[in-house]
Amino acid sequence: MWSGHPYPLGASYDGQGTNFALFSEVAERVDLVLVDEDGTEHPVRLHEVDGFVWHAYLPGVGPGQRYGYRVHGPWDPSFGHRCNPAKLLLDPYARAVSGQIDNDPSLYERSADGPSAGDSAGHSMLGVVADPYFDWGDDRPPRRSYAETVVYEAHVRGLTRTHPDVPEELRGTYAGLAHPAVIEHLTSLGVTAVELMPVHQFVQDGVLQDRGLANYWGYNTIGFFAPHNAYAASGQLGQQVNEFKAMVKAMHAAGLEVILDVVYNHTAEGNEMGPTLSFRGIDNASYYRLVDGDWQHYYDTTGTGNSLLMRHPYVLQLIMDSLRYWVTEMRVDGFRFDLAATLARQFHEVDRLSAFFDLIQQDPVISRVKLIAEPWDVGEGGYQVGNFPPLWSEWNGKYRDVVRDFWRAEPGSLGEFASRLTGSSDLYQHSRRRPRASVNFVTAHDGFTLRDLVSYNDKHNEANGEENRDGESTNRSWNCGAEGDTRDPAVLELRARQQRNLLATLLLSQGIPMLSHGDELGRTQGGNNNAYCQDNEVSWIDWELTDEQRALTDFTRRLIALRADHPVLRRRRFFRGETATNAEQPLADLVWFRPDAREMADRDWQRGDAHSIGMFLNGDAIAERDAHGGRLVDDSFLLLLNGYWEAVDFRLPDDAYGERWTTLVDTAAADADGVPDEREHKAGTRLRLEPRSLVLLTRPAHGTA
């Protein structure tokens, strides 16, 4: 054993041996434990300590070596200390992880009188020394602009588990995600970024295992540097790292970015009743927020039992080291931060000037990738949509809510709906942010799928084993006249139309659209709106498609292609009321119309019974420039929306806006994929919109650059 170095933390292999480094401010002694395949332990006492980092270098120790730590120190929960050398602990910086916990009693501290004597060896998880060497070849990050980004939220297992063209041994794995059949679906659909639900090493909850269920979603992280080992097709120790890298390389080669859904707000150890797996036994009071004056309990703003202590320098270092590792070593292209409001709680309130945001802003690596916040948590003042710093984009929960309300004809929804459709400038422009700040979505992993959103009024979560008490009860959904499965052709036709309405609204809105995987295929979860524990057919995509499902996929593909072809549908800046000086007749960049073709007045927006509106998008007035400095000029569009339950006649505006308009999209088209006959309509004529339908018309640009 050599003295080694205090940084980098974790186990770092250099081709000759491995440097081990572990932070613990409270430890009195630290033993590194090397573990053989048969479970035999080889403890190595660490004597070197620099800045509370215990370290050593072991020549000859290399990739595949399993290891853990035993930390000797104070057991005094009243002061927040919970050291217990009987617990074999996972390295917080482990690049790869072996095994999974089994909920054995030795993992828990059930007594307040003293530490448990039960040894957790054989029941916990171990770190694995990983080989950092990988042939990236000519890999290059796609670096897609925000304006052209279309996000596809996906689950590694759920997306590929039943895909017939993926070999069975690869289904549900990183290698399955990289299979040409899966990548072809994504690229043909036209999405540009795959946002993976948690792939950091997570823990299976004992309470779910006791019910015969599983933590399927993975929001239960224990290893912030390690790819989840159950998603690896290879059974070799540490090979999940290279398999993940190969997946990223394949995605990049297809022009797809990889964004990770990351959970830095809490860990899988939960509160004082949870297992001792890593952080708690290493330095509980440094890693976790504890209740002031009652340090045996955890301060929780996440609803999961604990929250990381965001003002501790080593916690901030852990997060920043992890983010940089995934960008520089694993080459991902961005992050979506789960319950991001918690990360901004340096003390108690959510603070956009917190140290976490400062570190992100000045970091030369992290500040250059895509950063997406889930801008809320469950703590006081936790709903922060619109309040994140300029560098960030946000899941726009207000967009989701009002789009659902508009298409079920909720009174008084029109004004806010118009704001969300045009990029939510009321939320973001005050801080000089742009439409890219708004990640628009109608559905996500949490809640109903798109098909279920139009098929159920109520949640049906009985399979979760919680007597249907779990999951959100207010879903802003509408079953179109029948709850769940039905053979009524009128109900089925309306449901199909509503799915097209919601998808078209999403993909024709300013901002960054996000699809939930399988929505383009009409995926159902049977009304379960909280399928976090369903690692089975409830959550997996069923790739055996009906003709109706294929039509919905084609419809989605056409809308994404239309968006990609027309900059006016994905502007980089908000509408400003500017006119096009290069057009034959100058017109504002955006005009709202009533069905009678009169421009909307203030009193029209206030009407609670208004459910229909027209929107003119002036392609001659984009007011942006291309990469070479030339002015962008695009076709102009007229978007007509009827959220009413009766047909509405729209009068097209006068010929100042365009003499002839061609229909591109009609969600009520009889061929079930929203593709109308290419009909031309003269200015001033009337166009009938069927109940709850959307029509998109276009006319060529008036001028050229």
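The values are calculated or read from the model by the stated rules, or taken from the named source; none is laboratory data. Note that the coordinates shown come from a computational prediction; the quantities given were computed from them, not determined experimentally. A quick note on method: Cβ atoms are made from the backbone with ideal geometry, for glycine too, and the neighbour counts reach across all protein chains shown. Heads up: the accessible areas ignore ligands, DNA and RNA and are worked out on the full protein's heavy atoms, side chains in. Shrake-Rupley method; radii C 1.70, N 1.55, O 1.52, S 1.80 Å.
Whether any residue in the range 43-58 is in contact with a Ser or Thr (Cβ under 8 Å, 6 or more places away or on another chain), open to solvent by 20 Å² or more (accessible area, probe 1.4 Å), within 18 Å of Asp131 (Cα to Cα) and in contact (Cβ under 8 Å) with a residue 40 or more places away in the chain is what I want to check.
Checking the range 43-58: at least one residue is in contact with a Ser or Thr (Cβ under 8 Å, 6 or more places away or on another chain), open to solvent by 20 Å² or more (accessible area, probe 1.4 Å), within 18 Å of Asp131 (Cα to Cα) and in contact (Cβ under 8 Å) with a residue 40 or more places away in the chain.
Which condition breaks for Gly212 when tested against (1) surrounded by fewer than 23 Cβ atoms within 10 Å (Cβ to Cβ); (2) part of a helix (DSSP H, G or I); (3) of a type in the set (Gly, Ala, Ser)?
The failed condition is (2).
Checking the conditions here, which among Tyr146, Tyr174 is at pLDDT 95 or above, closer than 30 Å to Ala21 by Cα and among the aromatic types (Phe, Trp, Tyr)?
Tyr174
Would you check which residues across the range 59-75 are open to solvent by 30 Å² or more (accessible area, probe 1.4 Å), under 16 Å from Asp91 (Cα atoms) and assigned to a loop (DSSP other than H, G, I, E, B) and list them?
Pro63, Gln65
Is the range 681-693 home to any residue that is modelled with pLDDT of 90 or more and under 32 Å from the mean Cα position of the chain (by Cα)?
yes
All but one of (1) open to solvent by less than 30 Å² (accessible area, probe 1.4 Å); (2) modelled with pLDDT of 90 or more hold for Ala583; state the number of the condition that does not hold.
(2)
Residue check: is Arg29 under 22 Å from Thr276 (Cβ atoms), open to solvent by less than 50 Å² (accessible area, probe 1.4 Å), touching a strand residue (DSSP E or B) at 6+ places or on another chain (Cβ under 6 Å) and at pLDDT 95 or above?
So Arg29 does not fit the description; no.
Any chance the range 488-509 includes a residue that's farther than 22 Å from Ala551 by Cα, charged (D, E, K, R) and surrounded by fewer than 23 Cβ atoms within 10 Å (Cβ to Cβ)?
No: zero hits.
Give, as residue ranges, the helices (runs of 4 or more DSSP H) completely inside the range 286-400 that count at least 2 residues that are closer than 23 Å to Gly223 by Cα, touching a residue at least 24 places away in the same chain (Cβ under 8 Å) and of a type in the set (Val, Ile, Thr).
Where helices (runs of 4 or more DSSP H) fall fully within the range 286-400 and carry at least 2 residues being closer than 23 Å to Gly223 by Cα, touching a residue at least 24 places away in the same chain (Cβ under 8 Å) and of a type in the set (Val, Ile, Thr), they are 313-328.
Output the residue which, of all residues in the range 414-453 that are part of a loop (DSSP other than H, G, I, E, B) and among the charged types (D, E, K, R), is nearest to Val538 (Cα to Cα).
My answer is Asp446.
Hey, can you tell me all the residues within the range 373-424 that are over 27 Å from Val262 (Cα atoms) and either open to solvent by 40 Å² or more (accessible area, probe 1.4 Å) or aromatic (Phe, Trp, Tyr) (or both)?
Phe406, Trp407, Arg408, Glu410, Pro411, Gly412, Glu416, Phe417
Any idea which of (1) of a type in the set (Lys, Arg); (2) at pLDDT 95 or above; (3) open to solvent by 40 Å² or more (accessible area, probe 1.4 Å) is the one Arg110 doesn't satisfy?
(2)
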